[in-house]
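Engineer: This structure is in structure tokens; I'll ask about it shortly.
The values are calculated or read from the model by the stated rules, or taken from the named source; none is laboratory data. It should be emphasised that the depicted structure is a prediction, and the values quoted were computed from it without experimental measurement. Cβ placement follows ideal geometry from the backbone for every residue including glycine, while neighbour counts extend to all protein chains displayed.
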Amino acid sequence: MARRRSYRLVRPNPQKTISDADTILPTPSVCRQFTSRAGGIFSTAQAKRASQDSGSVTTVVIDAGHGGHDRGGIPGQRIAEKDMTLDVAQRLKRVLAASGYRVVMTRDSDVFVSLGGRVAIANSYPDALFVCIHFNSAKRMGAGGIETYFYSRESLPLASAIHYFVAGGAPSSNRGVRRRGYYVLRKTNIPAVLVECGFLTNPTEAAYAQNASYRQKLADEIAAGVRGRNSVSNALTTTRVATGESIPLQPYIDQTKVAKSERHRSKRSHKKSARRKKSSSKPAESKTKAASKDQEG
Ligand SMILES: [Zn+2]
């Protein structure tokens, strides 16, 4: 693990313009704000716990988004998100199993699994990690990029490591790490991360996603993040490049307190539509909304 080659820091490449008007890139002020309000991101106990599980067999619960009647994405979308998420999840399963992890799949075929069912599976493995695989979609074809979500503070190192590798390894733009109260992240009692592996409505990213070797690359990078989760530096660092021993904690945008009107403006339409169908894996957009959405899926 420690000998992995250095990666460049994940940051927006000026040549890969993020054209999505809704995108706000992570800024240090966002992080400082959260850090000071929360009184520091990591406790000593958390750091100790994180370092202790290396060496023992770790269980990873892999959650392929959508499935069955729930295709994912927006209405009329050509590529079914559920097929891409399952393929990446199955590749990830193989990579992690080969690295000695115990892997549990919330689904391993084209079936519908409720959000409650997914969470129940995850929570039945109290020492596990939970990784949800999704692809994004938007009405505007130009929207693109990789984003990684987490909710609980103990999930941030895992989110940082996964995002660091996936966004660093993918040619797509970096939409950053984001904290948001999605149901599957909020209701799980274990470190939980949701990766949006690119926009299937973006012609370039859709072409990547349809390429098996690219999906393998995504799986490899997510696995690298899982393996590297305990090497995430303990504080926001100014280090611009990871050393063999450490992965920089990623700055993130806290979207848990975004005003409702703002959130709706920035909402991608597929999520609204998915919520109507009670089939989205990500129905809970905020604590307020979540209360009424807990039964979904
Ligand atoms: Zn999805």
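Engineer: For segment 175-188, state whether one or more residues are among the charged types (D, E, K, R), in contact with a strand residue (DSSP E or B) (Cβ under 8 Å, 6 or more places away or on another chain) and within 20 Å of residue 80 (Cβ to Cβ).
Structural biologist: At the first step, the residues of segment 175-188 found to be among the charged types (D, E, K, R) are 175, 178-180, 186-187.
From what is left, the residues that are in contact with a strand residue (DSSP E or B) (Cβ under 8 Å, 6 or more places away or on another chain) are 175, 178-180.
With within 20 Å of residue 80 (Cβ to Cβ) added as a condition, the list becomes none.
No; the residues of segment 175-188 include none that is among the charged types (D, E, K, R), in contact with a strand residue (DSSP E or B) (Cβ under 8 Å, 6 or more places away or on another chain) and within 20 Å of residue 80 (Cβ to Cβ).
Engineer: Please count how many residues of segment 56-77 are at pLDDT 95 or above and out of contact with any helix residue (DSSP H, G or I) (no Cβ under 9 Å at 6 or more places or on another chain).
Structural biologist: 2
Engineer: Going by what's in this entry, would residue 116 be described as surrounded by fewer than 19 Cβ atoms within 10 Å (Cβ to Cβ) and outside any loop (DSSP other than H, G, I, E, B)? Steps first, please.
Structural biologist: Values: surrounded by fewer than 19 Cβ atoms within 10 Å (Cβ to Cβ): yes; outside any loop (DSSP other than H, G, I, E, B): yes.
Considered against the rule, which asks whether it is surrounded by fewer than 19 Cβ atoms within 10 Å (Cβ to Cβ) and outside any loop (DSSP other than H, G, I, E, B), residue 116 comes out as yes.
Engineer: Could you pull out every one of the helices (runs of 4 or more DSSP H) wholly within segment 122-228 that has 1 or more residues that are farther than 21 Å from residue 96 by Cβ? Break it down into steps so the answer makes sense when it comes.
Structural biologist: Working: elements: 156-169, 183-186, 203-209, 212-228.
So the answer is 183-186, 203-209.
Engineer: Can you tell me which residue among 178, 140, 186 is within 10 Å of the chain's Cα centre (by Cα) and surrounded by fewer than 24 Cβ atoms within 10 Å (Cβ to Cβ)? Give the derivation first.
Structural biologist: Numbers: 140 fails: within 10 Å of the chain's Cα centre (by Cα); 186 fails: within 10 Å of the chain's Cα centre (by Cα).
So the residue among 178, 140, 186 that is within 10 Å of the chain's Cα centre (by Cα) and surrounded by fewer than 24 Cβ atoms within 10 Å (Cβ to Cβ) is 178.
Engineer: Among the residues of segment 196-218, how many are in contact with a strand residue (DSSP E or B) (Cβ under 9 Å, 6 or more places away or on another chain) and among the small types (Gly, Ala, Ser)?
Structural biologist: Count: 3.
Engineer: Also, quick follow-up: Show the residue pairs that are 6+ apart or on different chains and have beta-carbon atoms under 9 Å apart, the first residue being within segment 161-183 and at positive phi, the second being part of a strand (DSSP E or B).
Structural biologist: 176/146; 176/147; 176/148; 176/252; 176/253
Engineer: How many residues are within 14 Å of the ligand (Cβ to nearest atom) and touching a Ser or Thr at 6+ places or on another chain (Cβ under 9 Å) if we restrict to segment 86-141?
Structural biologist: 13
Engineer: With the requirement that a residue be surrounded by fewer than 23 Cβ atoms within 10 Å (Cβ to Cβ) and either among the acidic types (Asp, Glu) or on the phi > 0 side of the Ramachandran plot (or both), what does segment 145-160 give you?
Structural biologist: Selection gives 154 alone.
Engineer: Run down 108, 22 and say which single residue is at pLDDT below 50, surrounded by fewer than 19 Cβ atoms within 10 Å (Cβ to Cβ), farther than 21 Å from residue 164 by Cα and of a type in the set (Asp, Glu).
Structural biologist: Numbers: 108 fails: at pLDDT below 50.
Criteria check complete, one pass: 22.
Engineer: From the residues in segment 61-85 that are assigned to a loop (DSSP other than H, G, I, E, B) and among the charged types (D, E, K, R), which one is farthest from the ligand (Cβ to nearest atom)?
Structural biologist: So in segment 61-85, the residues assigned to a loop (DSSP other than H, G, I, E, B) come out as 65-66, 68-69, 71-80.
Filter again for among the charged types (D, E, K, R), leaving 71, 78.
Numbers: 71: 10, 78: 15 Å.
Among residues in segment 61-85 that are assigned to a loop (DSSP other than H, G, I, E, B) and among the charged types (D, E, K, R), the one farthest from the ligand (Cβ to nearest atom) is 78.
Engineer: Would you be able to say whether some residue in segment 155-169 is at pLDDT 95 or above, within 14 Å of the ligand (Cβ to nearest atom) and within 11 Å of the chain's Cα centre (by Cα)? Don't jump to the end; show me each part of the working.
Structural biologist: Pass one, segment 155-169, residues at pLDDT 95 or above: 155-167.
Those still in the list that are within 14 Å of the ligand (Cβ to nearest atom) too: none.
No - not one qualifying residue is present in segment 155-169.
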